[in-house]
Amino acid sequence: MIALAAFSMTAMAQIDTVPGVLSPKQKANIGGNKVFDLEQTTGAVSVITTSTLDRRNAKNISMDLIGQGSGLESLQNGGIYAVQNPTFYVRGLQTLNGNNTPLIIVDGIEREVRDISPEEVERVYILKDAVATSLYGYKGANGVISIETKRGKYNSREISVSYDHSFGNIAHRPKFVDGYTYGLAINEGRANDGLSPMYQPWELEALKEQSYPYLYPNVNWVDETFRNTSNFDKVSFQFRGGSEKFKYYAVANFLYNNGYIKHPNENQGYSTQDKFSRGNIRMNLDIDLTPTTLVKVNVFGSLTESQRPGDQANLWDMMYTVPSAAFPIKAENGLWGGSATWDGTLNPVAQSIGAAYYKNHARTLFTDLTIRQDLGMVTPGLSAQVSVAYDNYANIYENHSKTYRYQPVNIQWPAGQEVPTWSYPTDADGAEVIYGVDSAMGTGANTNEYDRYFYVGGSVNYDRTFDKLGLYTQLKWDYESTDPEGINNTVHRQNISWWSHLNYDNRYLLDLTLAEMGSSRLAPKTKWAFSPTIGLGWVISNEAFWSNPNRYLKLRASAGKINADFLPDDNWTYYVQQYTLTGGLYPFNSAFGSSFGTTSLGQMATLNPSHEQAYKYNIGIDASPIEGLNLSVDLFKERRNHIFVSSAGKYTALIGMTAPYENAGVVDSKGLEVSLDYGRTFGDFSFNIGGNFSYNKNKIVDMLEEPRLYPNLVQTGHSVSQIYGLEAIGFFKDEADIANSPQQLFSTVRPGDIKYRDINGDKVIDSNDMVAIGRSATCPEIYYNFRVGAEYKGIGIYAFFQGTGNYTAVLNTKGMYWPLINNTNISQYAYENSWRPGNEENALFPALSSQNNANNYQTSTLWLRNRSFLKLRNVELYYNVPKAWLNSTLKVVNGAKFYVRLVDFFATSNVPQNDPECYGINPVDKSVALGLSVTF
Amino acid sequence: MKNKFLLIPVAALMLTVSSCKEDMDYHEYAIVDKDFVELNFSNVGGFMTQLYKHVEYDFGNFSNGAMQASATDESEYSIGGNAIEDFYNGGWSAANPKPAIWNNMYAGIAEANRFLEDFQGLKFEELELNPDYQKQMFRYENYKYEARFLRAYYYFTLVRTYGGVPLIKQTMPADETNKLSRNTSDEVYDYIFSELNEIKDLIIVDYSKLGDMALGESETGRAGKIAVLALRARAALYWASPLFNPNNDTERYKIAADYHKELLDECKEQGKKIINKYSDLWAADNFSKPTIAPELLFCYRYYSSASGDNLVETNNYPVGIDGGRGGNCPTQNLVDAYETKNGLSIKDPNNSQYDPNDPYKNRDPRLGMSIAVNGEAWPTYQTNKLQTFYGGLNAQPTSGGTTTSYYLKKLCNGTINLSASSTKKVAFHTYLNFRMGGAYLDYAECLFKATGSPTAVLAGHEMSANDAVFMVRNRNGVKMPKFPETLSNDEWWTKYCNERFVELCFEGHRFWDVRRWKEGSKYFTSITRTIINQDSEGNLTYFQQIVPREWDEKMNLFPIPQTERAKNPNLEQNPGW
């Protein structure tokens, strides 16, 4: 099923034509109006270039970034194609209240990147320390992912066309038990619960033999609903070039994904397939209006259309809910199947065929314009510039869903009866009842999401070299406002920053930023904050005593204070005493009614509010000890303080209302990053290897934690997303074992239930025995990647691996690891590994329960797994058609590349039966792509 | 000039800068702050809703279905594992402190303080032209007295539970509350009395007689003068009781007796009286019906929907009844407390009216009204008879089946049918916080303790303790004989306690009465269950089973929650915890 390849001829695919990502000459854009090289910067910046970008056939740049960079933790999420997007953290978790998301910007503006295609991206910078994030006001504290799109080139012309086709595959297709095994399992669970069996022996026989498939069915819902592969096509046209006073870059891109629905074409006139398509166009222009005046215009627009089966039903959720024996796909009378326990609206085949479809149309427009005027006529080195940006996003839904009719069946098969008797449900008058309605398709359509964004900024720059001293300084003012749908989320921010970069003799470097920032989110009189940052650099290899001019060594250090305007729960009125006007009534009246509602005290006002502050420290070494090898090491430390936290743990109930937020939270984090990049060329053979390793660790220093009754419950001192749970010490063997063990208070226990350790020694097991178990399930502490690339006479291979460590999974997926309870499905894996007499030794999971079992389904070590993994993110085999041959034969063609890619094809994992990153109900894909690209 | 390209954007920039300054103060939300609340009468009046809702009541909400009664010898909760068991199984501690009263009452106090401080003297000028302005202002001016009454009630609830607690009389910053230490119980009672004394002649006397100021339906659910006097009288009785009166200062009982006389005089003035039918006290229309309402002095009205609720029925209907799951099952101790009609205890060997083989015959009529026994049709709508014998439809071993062979009728509205097809699933319920029966019994206790005699009449009063008890026993439909004048003080006290147990069962008294008398070791060390066996011929045999319960003198007061003391070390713990 692997297919084709491409020819491309762009310069961008060559592994050694751009400076290595760690090369001192690599650009390091921290957001100023001048971009210095890595050699010149004193900040911690990781650069991702086209050498590793666009090699995953990703739908957008964020999916493309998965695994890449140094100090960036990108975590893949599952789900249907249209909504899959990763989660990012920079240098791990650094604060409380879930405000750990880094800032993502595109060409200097905060922008949603879900529709930015990888093709149009030139570089991505991960901005990590104080110097690198100093120009982003209140928004940079969690680090910045800065995306820079491609620009034109003077006096050139280049057109490239590429086409990819890929085949997706559900990476872990869940395996649920067949109908007969379900019958055994539910009977076993009910027996454990002291309930009568659901199926009598002769009914189990019917399930096994499938003698009454309409009454005792066996449906493999996964296979009946989903096919094995999805398809993906992408075509891209890029135009890049310019004349003497003008340069341009333009891209037109179209992609189309056709999902996994097995029977999408059962209806006249429409498909019910999961589909996603997008067209996007970008035009980046640089126009020299006069010899001293530059205008830059960037315009990006995209339209997406995503379609899902009716009501956007979560079909995968149904897989984990509806067992094989629940009901047939269709009842004997031809209506869709359903039952009293599992309603026909849970019939995934019916939902994927009979419920019509639902569409979302999203449109994005990103526009910005910059005018830069050289003011050398006033004084040499002086310039000024103004930028304006206007972005817009809207989603319009179109709900064409319909409902369908389905038919539950009543079955009686008492002992001694030869065959089952069955009937359709009847109403009080004895008439047969059909459930559901065969409705017409809906026609609802409206805008349900929109986001407007406005930016304006201006700056005065001074850039001049005096003998050995290079001086660059800029004074900049920014204003931005965002206005999404809903209330209490319009934000206005301003930022005034003065950044200076000094370079003495290319040996001594200084970055100094003084910034003052304001945010409408913060309380009156606390809206403005000051942020100083300083960075120092020493390029030792430029010293006179340095013997080898080809070897490079630089030390750098930075420190600074970055502010944040994060608010807990997005509660904007924390600074006033709040009241609540909702609640029931008190029946004062003589007829037990009232003309009054409730007025009660809400949250207490925060006295003397301030805002969250990050003190960031970083030291780094960049070196090139041997030819072709670049190395970079960073060590960082950060203290986040003044974090808004609830003071409920501090004040007694005597305050009589919800405790105020106070700026009392403190989190320390620290870590290191090591990056290596080695590439050489020997004649026709070239290779490049590289990798990044990052480690982060955080600790809550203060969270105004309530005084805990037992030390094991204390969270302060642990990391931000530490998991707490019980320590499982096996399963109860028998009643005697239960009698001899401390009482477990969650629910009545029986043999085969999980036995916990009495952590606090109070002779009973309850939530006071919770203790820190495992690590974080939110963000790994160790994140690493490495890549290998080699090319010989145009034939090349590129492989990219990524892994994590110190990362924990909690197996709580219903149906898969937590079977049967709440009327859910049971996986083959759970069935085989449950405790039962005869399987005491090998059991991984407790005895089956059909009813909610509070004892077993606590968070405990039994459900934790080490989530460390190593994934082969992508591997590419390609052939670049020799230029000489192209030039001599196809004169117009400058380059051609054919390639085959495997994406997310292999992973090591301790998470059974599932992907280590996405082990919930939402599947992830692996895919095989064939592509070609041609450059003219 | 090349610079012209800059002029336009620079000018635009200047304009934007100036406009952006205001943007920093921009907010699109409506801040529900003081100014917003003050806009109209109904926002401000809404405070009263919230304050009344803090008033105690117990329809099984005390502990997830269990009533406080099940922590006493009144009943046992039939569904195992309920946290109510902590009160008698050793689970109760400063780490498991049952903090609901602590939390709720201080929430109410904070709200009352805030209302009394920040929402006074409002003129609602914008509403002056409304036709009902004067009437609304009249109500608004009364709110402060209602708020002070309720705050005093919260403090009474607290002092009864914890002894002395920190007195917070005005709004206070959070860090100051964290430094407070406990006042003495006398200081708290003093504060309650001084507050109630100040407002008793200021608060509206009768909400159904507002004359010119009447507006819409009369708000009879609000606290009036009688409520103030009733609370003052009850608080005084507690203040005089052994738990809070270690030196046995009988003067306190005299004050309490005087307070009760003032209450009963006012009640008489307003037509309050002991009503005829005991079981009507918890009828759905008890708050309004002219034949019932006169006994109710101040009672919490539970509200869940415009047509009513079934909280107490859901929590107490027998298993085997649609929607029933067992619940707070009256003990044999309580059943035994009901005398026979001749006024003798069933334990009296000379009692000829009592037949152990037909134990419910000839009993105080209140037994039949309060407690469902084997063989009777209950709930009222049912025609099937209860089977509370072991193995019966409504009994053990079915989970939740009664453990004592009895089910609770009191407070329940037996016409409510919880089955899915029922047309009568809900009704109104008004709890019995203060009523005439309780007032007379309280009065009797004050008189007895003040005079040292059941028959003596205290100077300035018109009845003896025994007369006051008889007011309750002489209710039409009860008509139990008066206690003989020949009883010794001890005998009389025993019968008084018994009468109180019977008359006020499941009204939230027993738990506190036994504590304030410091008699837990007498009453709370065990309960008695009855187990009925039925043989194949349908003959019943009754067995009694004594179930021990843990009791310790420290339990007279609740522990201060350990976490509260960790936050504020100035909060001293109660003795023994």
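For A:Arg521, the stated conditions hold: it is within 25 Å of A:Phe566 (Cβ to Cβ), assigned to a loop (DSSP other than H, G, I, E, B) and in contact with an Asp or Glu (Cβ under 6 Å, 6 or more places away or on another chain). Of the residues in the stretch B:113-131, at least one is touching a Ser or Thr at 6+ places or on another chain (Cβ under 9 Å), within 9 Å of chain A (Cβ to nearest Cβ), outside any loop (DSSP other than H, G, I, E, B) and closer than 22 Å to B:Lys225 by Cβ. Candidates in the stretch A:196-249 are the residues that are within 30 Å of A:Val297 (Cβ to Cβ), surrounded by 15 or more Cβ atoms within 10 Å (Cβ to Cβ) and among the hydroxyl-bearing types (Ser, Thr, Tyr); of these, the one that is farthest from the chain's Cα centre (by Cα) is A:Tyr248.
When the stretch B:303-319 is examined, which residues are found to be surrounded by fewer than 20 Cβ atoms within 10 Å (Cβ to Cβ) and either under 17 Å from the mean Cα position of the chain (by Cα) or more than 14 Å from chain A (Cβ to nearest Cβ) (or both)? Listed by number, the residues that qualify are B:Leu311, B:Thr314.
Take B:Lys567 and tell me if it is within 14 Å of chain A (Cβ to nearest Cβ) and either in contact (Cβ under 8 Å) with a residue 60 or more places away in the chain or loosely packed, with under 15 Cβ neighbours inside 10 Å (or both). Considered against the rule, which asks whether it is within 14 Å of chain A (Cβ to nearest Cβ) and either in contact (Cβ under 8 Å) with a residue 60 or more places away in the chain or loosely packed, with under 15 Cβ neighbours inside 10 Å (or both), B:Lys567 comes out as yes.
Which one of these is at pLDDT 95 or above, more than 14 Å from chain A (Cβ to nearest Cβ) and either farther than 29 Å from B:Ala240 by Cβ or surrounded by 16 or more Cβ atoms within 10 Å (Cβ to Cβ) (or both): B:Phe543, B:Phe511? Going through B:Phe543, B:Phe511 in turn, the sole match is B:Phe511. The condition (being farther than 30 Å from A:Ser74 by Cβ, among the hydrophobic types (A, V, I, L, M, F, W, C) and either part of a strand (DSSP E or B) or within 32 Å of the chain's Cα centre (by Cα) (or both)) is satisfied by just one residue among A:Ala896, A:Ala847, A:Ala884: A:Ala896. Checked against the criterion of being in a loop (DSSP other than H, G, I, E, B), in contact (Cβ under 8 Å) with a residue 24 or more places away in the chain and within 14 Å of chain A (Cβ to nearest Cβ), the stretch B:242-254 contains not a single residue that satisfies it.
If the requirement is being crowded, with 21+ Cβ neighbours inside 10 Å and either at positive phi or acidic (Asp, Glu) (or both), which of these qualifies: B:Glu187, B:Glu219? Matching residue, one of B:Glu187, B:Glu219: B:Glu219. Checking each residue in the stretch B:88-105 for being crowded, with 17+ Cβ neighbours inside 10 Å and touching a strand residue (DSSP E or B) at 6+ places or on another chain (Cβ under 9 Å) picks out B:Tyr88, B:Lys98.
B:Ile371 fulfils the conditions (1) in contact (Cβ under 8 Å) with a residue 40 or more places away in the chain; (2) over 23 Å from B:Glu74 (Cβ atoms) except for a single criterion, (2). Of all the criteria given as (1) farther than 30 Å from B:Ile274 by Cα; (2) out of contact with any Pro (no Cβ under 9 Å at 6 or more places or on another chain), the one not satisfied by B:Val514 is (1). Under the condition of being surrounded by 24 or more Cβ atoms within 10 Å (Cβ to Cβ), of a type in the set (Gly, Ala, Ser) and within 23 Å of A:Ile773 (Cα to Cα), the residues counted in the stretch A:835-859 number 1.
Checking A:Gly69, A:Gly137 one by one, the residue that is surrounded by 23 or more Cβ atoms within 10 Å (Cβ to Cβ), in a helix (DSSP H, G or I) and of a type in the set (Gly, Ala, Ser) is A:Gly137 and no other. State whether one or more residues within the stretch A:850-859 are touching a residue at least 24 places away in the same chain (Cβ under 8 Å), outside any loop (DSSP other than H, G, I, E, B) and within 23 Å of A:Cys918 (Cα to Cα). No: zero hits. When residues in the stretch B:157-180 are screened for being more than 27 Å from the chain's Cα centre (by Cα) and either surrounded by fewer than 18 Cβ atoms within 10 Å (Cβ to Cβ) or not in a helix (DSSP H, G or I) (or both), 7 of them pass. Considered as a group, the residues in the stretch A:542-573 that are buried (at least 17 other Cβ atoms within 10 Å of the Cβ) and either within 14 Å of chain B (Cβ to nearest Cβ) or free of Cβ contacts under 8 Å to residues at least 60 places away in the same chain (or both) include one that is nearest to A:Tyr615 (Cα to Cα), and that residue is A:Asp565. The single condition from (1) touching a residue at least 12 places away in the same chain (Cβ under 8 Å); (2) closer than 25 Å to A:Gly78 by Cβ that A:Ser834 fails is (2). Within the stretch A:370-390, not a single residue is more than 14 Å from chain B (Cβ to nearest Cβ), crowded, with 18+ Cβ neighbours inside 10 Å and basic (Lys, Arg).
Screening A:Asn589 on (1) out of contact with any helix residue (DSSP H, G or I) (no Cβ under 7 Å at 6 or more places or on another chain); (2) within 28 Å of A:Arg521 (Cα to Cα); (3) within 11 Å of another protein chain (Cβ to nearest Cβ) shows it passes everything except condition (2).
Looking across the stretch B:361-373 at every residue that is within 29 Å of the chain's Cα centre (by Cα) and part of a loop (DSSP other than H, G, I, E, B), the one that is nearest to B:Ser279 (Cα to Cα) is identified as B:Asp364.
Conditions tested, residue by residue: (1) assigned to a loop (DSSP other than H, G, I, E, B); (2) over 20 Å from A:Pro408 (Cβ atoms); (3) hydroxyl-bearing (Ser, Thr, Tyr).
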position	(1), (2), (3)
A:Tyr163	no, yes, yes
A:Ser166	no, yes, yes
A:Leu184	no, yes, no
A:Glu188	no, yes, no
A:Ala191	no, yes, no
A:Leu195	yes, yes, no
A:Leu215	yes, no, no
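Selection within the stretch A:705-758: residues that are acidic (Asp, Glu) and part of a helix (DSSP H, G or I). The member of this set that is nearest to A:Asn663 (Cα to Cα) is A:Asp737.
Among the residues of the stretch B:55-75, is there at least one that is within 12 Å of chain A (Cβ to nearest Cβ) and either of a type in the set (Val, Ile, Thr) or under 30 Å from B:Val319 (Cα atoms) (or both)? Within the stretch B:55-75, one or more residues are within 12 Å of chain A (Cβ to nearest Cβ) and either of a type in the set (Val, Ile, Thr) or under 30 Å from B:Val319 (Cα atoms) (or both).
Of all positions in the stretch B:146-156, none carries a residue that is on the phi < 0 side of the Ramachandran plot, in contact (Cβ under 8 Å) with a residue 40 or more places away in the chain and not in a helix (DSSP H, G or I). Residue count for the stretch A:574-586 under the criterion of being facing chain B (nearest Cβ under 7 Å), under 22 Å from A:Asn488 (Cβ atoms) and of a type in the set (Phe, Trp, Tyr): the result is 1. Across the stretch B:520-546, what is the number of residues that are part of a loop (DSSP other than H, G, I, E, B) and out of contact with any helix residue (DSSP H, G or I) (no Cβ under 8 Å at 6 or more places or on another chain)? Total meeting the criteria: 6.
The values are calculated or read from the model by the stated rules, or taken from the named source; none is laboratory data. Note that this is a predicted model, so its numbers are computed, not measured. Neighbour counts are summed over all protein chains in view; Cβ atoms, including those assigned to glycine, are modelled from backbone coordinates with ideal geometry.
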